[in-house]
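Asks: Before we start, here is the structure in question, set down as structure tokens.
The values are calculated or read from the model by the stated rules, or taken from the named source; none is laboratory data. Owing to the predicted nature of the structure, the values given are computational and were not obtained by experimental measurement. Heads up, the Cβs are rebuilt from the backbone with ideal geometry, glycines too, and the neighbour counts pull from every protein chain shown. All accessible areas refer to the heavy atoms of the entire protein, side chains included, with ligands and DNA or RNA removed. Shrake-Rupley method; radii C 1.70, N 1.55, O 1.52, S 1.80 Å.
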Amino acid sequence: MIEFIAQNMAPIMFASLIIFMLIGYPVAFALAANGLLFFFVGVELAPYSNGSITLSWPLLYALPERFWGQMANETLLAIPFFTFMGIILERSGMAEDLLDTIGQLFGPIRGGLAYAVIFVGALLAATTGVVAASVIAMGLISLPIMMRYGYDRRVASGVIAASGTLAQIIPPSLVLIVLADQLGRSVGDMYHGAIVPGLVLTGLYMLYILIMTFWKRDSMPALPVEARTLGSGVSSLIIALLIAGAVAYGAHILLAPVAGANADIWGATIGIIIIYAFALADRTFGLNTMSRLAQQVIIVLIPPLALIFLVLGTIFLGIATPTEGGAMGAVGALIMAASKGRLNFSVISQALASTTRLSSFVMFILLGARVFSLTFYGVNGHVWVEHLLVSLPGGEVGFLIVVNLLVFFLAFFLDFFELAFIIVPLLAPAADKLGIDLIWFGVLLGINMQTSFMHPPFGFALFYLRSVAAKVPYLDKITGKKIQPITTGQIYWGAVPFVGIQILMVALTIMFPQMVMHYKGSGPTVDPATMKIEIPGDLGGGLGGGLGGDLGGPGGELSSPPLGGTPANPPAPAQPAAPDLSQPPKM
């Protein structure tokens, strides 16, 4: 019996971790306690394991170094930077301005508010990267307006929750930073690979709304004329955008000899700056050369777009690392909040407190995972998982199907940080052995983990929306009508179609991997496995004929001492006393 337990320590350890978490023990401490408990058991059972357990007491000395390695990881510094940026932007009122303006722009068409929520959700995802901030902001601002004008409650709640989760997959997503770190890949490559899937998923959400407007025509009515306070003027906006495009193209032509490949970026920047300055001047001096709607759209949209370029553009161009991009984004968010007159000590204090809580949460889980992995690798758990996954029927396709089903079902109980720190390190070696590109694999897992925010009944996006949705009837301030509350069941059922869309996106990413693989570019790539290093036979006369000559004995044999070197029979070095591995280390 003891031999059976010793030789199957890895699955027993994994099952024990699941039991710990199902009991409700905090994840970080469940990982650490599980790791330490089985470390002590593993050391005692090592003689009965037939070599499958390689744990010994001195191995505990490796823990401080593993902790320090994680705390000194500069890549993870991007997490507090992007979190701080997102919270400052949420406090600055940017989401409110965007939703009001884009809602007015799309208002005349059926389902316009839903389109606006999806569009603004994508913009907030590209500037904040924080799901909670996006869902709460849109729930507070858009949900009452949707209820006021007769939107179906399921559709309204589902589209708000789903749009908030776009922050999971659209850079600068926090989960992509963690996945890149756990997979040992570049955060910049992970961001580059996730851009197209994020945009495609946004398009699928909009396609669903379009279908619903034809299938259930009364579920998403257009805004009435009296609610469109900015009036009309879409043609004025189109003309302004055409002029900006012409200016950008002209600047591109002029700068091409000087700026080279970056001329298009500089041209677009100049065009945007000119049209933004013109819109500000038109409003300030009352020139009335463009409509109020065009003015508002340009003035409200360009600052967050500029912030997106400041963060993601510098990363993709290779000017800044993700950590440096996050720092610039945090500074940009402070400037935007100050320009709106909403930056004060209270806002900064709340943002710092929330950032510290989230960063501490991530770090504690990561340190607990380090303790767990030390023991899990010591009982050859990684070998057990790799053999289990690599031997699945169907090869690469079978592996992907099983892994995605596993992550999908675990997402019912675990959030994305826990999945990234516990499950991903176990899956990565098997994926790498099967020849799967780890950037593509990471983006695929990121899309799948997005469902963890939408799963009834434990989806965090649903909890966030429930916290801000009306729970009792109330009188609308504008229309004076009595608005019925939104039930938890309506929120859950509204999320189901969007979970289906996210699963469809997982399938599309598997079927069309080029959506992610474009991050490699079109240039030639070098496979390190095909590289060959040859040492020339003669490196010059300085060593008496090079490495092929006098370094050894006759014919360059390295088994003999070099000429004029050490004596023929050097004294044997003293052997240190072997440590007693049966006892705990003495601190």
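Asks: Just to be sure I understand the filter: pairs with C-beta atoms under 8 Å, separated by 6 or more residues or on different chains, first member in the stretch 324-338 and without any contact (Cβ under 8 Å) to a residue 60 or more places away in the chain, second member open to solvent by 10 Å² or more (accessible area, probe 1.4 Å). Which pairs pass?
Replies: Listed pairs, sorted by first residue: E324/T314; M328/L310; M328/T314; M328/A320.
Asks: Still on this structure, please answer the following. Would it be correct to say that G318 is within 24 Å of R185 (Cβ to Cβ) and buried (at least 19 other Cβ atoms within 10 Å of the Cβ)?
Replies: No: the conditions fail for G318.
Asks: Listed residues L307, L254, L241; which is open to solvent by less than 70 Å² (accessible area, probe 1.4 Å) and of a type outside the set (S, T, N, Q)?
Replies: After applying the criteria, what remains is L307.
Asks: Further, regarding this structure: Would you point out which residue out of V117, V187, V155, V178 is modelled with pLDDT of 85 or more, in contact with a Pro (Cβ under 6 Å, 6 or more places away or on another chain) and either farther than 20 Å from F416 by Cβ or among the β-branched types (V, I, T) (or both)?
Replies: After ruling out the rest, the residue left standing is V187.
Asks: Pairs, please: C-beta under 8 Å, at least 6 apart or cross-chain, first residue under 16 Å from A194 (Cα atoms) and among the aliphatic types (A, V, I, L, M) and in the stretch 298-318, second surrounded by 19 or more Cβ atoms within 10 Å (Cβ to Cβ) and at pLDDT below 80?
Replies: I308/T127; V311/T127
Asks: Within the set of pairs 6 or more residues apart or between chains, which connect a residue that is part of a loop (DSSP other than H, G, I, E, B) inside the stretch 32-60 to a residue that is loosely packed, with under 15 Cβ neighbours inside 10 Å and among the small types (G, A, S) with Cβ atoms less than 9 Å apart?
Replies: The qualifying pairs are S56/S582.
Yes/no matrix, rows are residues, columns are (1) part of a loop (DSSP other than H, G, I, E, B); (2) not aromatic (F, W, Y):
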| residue | (1), (2) |
| --- | --- |
| A369 | no, yes |
| F372 | no, no |
| Y377 | no, no |
| L389 | no, yes |
| V402 | no, yes |
| F413 | yes, no |
| P429 | no, yes |
| G435 | yes, yes |
| W440 | no, no |
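Asks: Is there a residue in the stretch 159-169 that is buried (at least 23 other Cβ atoms within 10 Å of the Cβ) and over 20 Å from the mean Cα position of the chain (by Cα)?
Replies: Going residue by residue through the stretch 159-169, those that are buried (at least 23 other Cβ atoms within 10 Å of the Cβ) are 159-169.
Of the ones still in play, those that are also over 20 Å from the mean Cα position of the chain (by Cα) are 159.
Scanning the stretch 159-169 turns up at least one residue that is buried (at least 23 other Cβ atoms within 10 Å of the Cβ) and over 20 Å from the mean Cα position of the chain (by Cα).
Asks: I've got another one for you. Pick out the one residue from A281, A268 that is under 30 Å from A330 (Cα atoms), loosely packed, with under 15 Cβ neighbours inside 10 Å and of a type in the set (G, A, S).
Replies: Testing whether each residue is under 30 Å from A330 (Cα atoms), loosely packed, with under 15 Cβ neighbours inside 10 Å and of a type in the set (G, A, S) leaves just A281.
Asks: With the structure loaded, tell me whether Q490 is open to solvent by less than 10 Å² (accessible area, probe 1.4 Å), in contact (Cβ under 8 Å) with a residue 60 or more places away in the chain, polar (S, T, N, Q) and part of a helix (DSSP H, G or I) or whether it fails that test.
Replies: When the stated conditions are applied, Q490 does not pass them.
Asks: On the given criteria, is Y249 of a type in the set (S, T, Y), within 30 Å of V196 (Cα to Cα) and open to solvent by 80 Å² or more (accessible area, probe 1.4 Å)?
Replies: Answer is yes for this residue.
Asks: Every residue in the stretch 343-362 that is open to solvent by less than 50 Å² (accessible area, probe 1.4 Å) and touching a residue at least 24 places away in the same chain (Cβ under 8 Å), please.
Replies: Those that are open to solvent by less than 50 Å² (accessible area, probe 1.4 Å) and touching a residue at least 24 places away in the same chain (Cβ under 8 Å): V347, A351, S354, T355, L358, S359, V362.
Asks: Failed condition for F84, given (1) surrounded by fewer than 18 Cβ atoms within 10 Å (Cβ to Cβ); (2) in contact with a helix residue (DSSP H, G or I) (Cβ under 9 Å, 6 or more places away or on another chain), with all others met?
Replies: (1)
Asks: List every residue pair whose Cβ atoms sit under 7 Å apart, with the two residues 6 or more apart in sequence or on different chains, where the first one lies in the stretch 232-249 and is over 15 Å from T269 (Cβ atoms) and the second, anywhere, is in a helix (DSSP H, G or I) and open to solvent by 100 Å² or more (accessible area, probe 1.4 Å).
Replies: As it stands, the answer is G233/R292, since those pairs meet every condition given.
Asks: Name the pairs whose Cβ atoms lie under 8 Å apart, with the first residue in the stretch 387-401 and within 26 Å of Y377 (Cβ to Cβ), the second open to solvent by 90 Å² or more (accessible area, probe 1.4 Å), and 6 or more positions between them or separate chains?
Replies: Close Cβ pairs (under 8 Å, with a partner that is open to solvent by 90 Å² or more (accessible area, probe 1.4 Å)) amount to V390/K433.
Asks: Of (1) of a type in the set (G, A, S); (2) out of contact with any helix residue (DSSP H, G or I) (no Cβ under 8 Å at 6 or more places or on another chain); (3) at pLDDT 90 or above, G150 satisfies all except one. Which?
Replies: Among (1) of a type in the set (G, A, S); (2) out of contact with any helix residue (DSSP H, G or I) (no Cβ under 8 Å at 6 or more places or on another chain); (3) at pLDDT 90 or above, the lone unmet condition for G150 is (3).
Asks: Any idea which residue in the stretch 321-342 is surrounded by the fewest Cβ atoms within 10 Å (Cβ to Cβ), counting only those that are over 24 Å from L98 (Cβ atoms) and hydroxyl-bearing (S, T, Y)?
Replies: Checked the stretch 321-342; the qualifying residue surrounded by the fewest Cβ atoms within 10 Å (Cβ to Cβ) is T321.
Asks: List pairs: first in the stretch 159-174 and in contact (Cβ under 8 Å) with a residue 24 or more places away in the chain, second open to solvent by 10 Å² or more (accessible area, probe 1.4 Å) and assigned to a loop (DSSP other than H, G, I, E, B), Cβ under 8 Å, 6+ apart or cross-chain?
Replies: A167/V130; L174/V130
Asks: A further question follows. Are any residues in the stretch 131-144 under 26 Å from the mean Cα position of the chain (by Cα) and either open to solvent by 20 Å² or more (accessible area, probe 1.4 Å) or over 27 Å from L358 (Cα atoms) (or both), and if so, which ones?
Replies: Across the stretch 131-144, the qualifying residues are A132, I136, L140, I141.
Asks: Could you run through the stretch 405-437 and say how many residues are at pLDDT 85 or above, surrounded by fewer than 20 Cβ atoms within 10 Å (Cβ to Cβ) and closer than 20 Å to G198 by Cα?
Replies: 2
Asks: Of the residues P64, P11, which is more than 30 Å from V131 (Cα to Cα) and under 28 Å from the mean Cα position of the chain (by Cα)?
Replies: Among P64, P11, only P64 is more than 30 Å from V131 (Cα to Cα) and under 28 Å from the mean Cα position of the chain (by Cα).
Asks: In the stretch 462-481, what residues are surrounded by 14 or more Cβ atoms within 10 Å (Cβ to Cβ) and assigned to a helix (DSSP H, G or I)?
Replies: Hits for the stretch 462-481 are L462, F463, Y464, L465, R466, V468.
Asks: Is it true that some residue in the stretch 110-119 is within 19 Å of L204 (Cβ to Cβ), aliphatic (A, V, I, L, M) and open to solvent by 10 Å² or more (accessible area, probe 1.4 Å)?
Replies: Checked against the condition, which is being within 19 Å of L204 (Cβ to Cβ), aliphatic (A, V, I, L, M) and open to solvent by 10 Å² or more (accessible area, probe 1.4 Å), the stretch 110-119 yields at least one hit.
Asks: Would you be able to tell me the number of residues in the stretch 179-225 that are farther than 28 Å from G494 by Cβ and of a type in the set (D, E, K, R)?
Replies: Adding up the residues that qualify gives 3.
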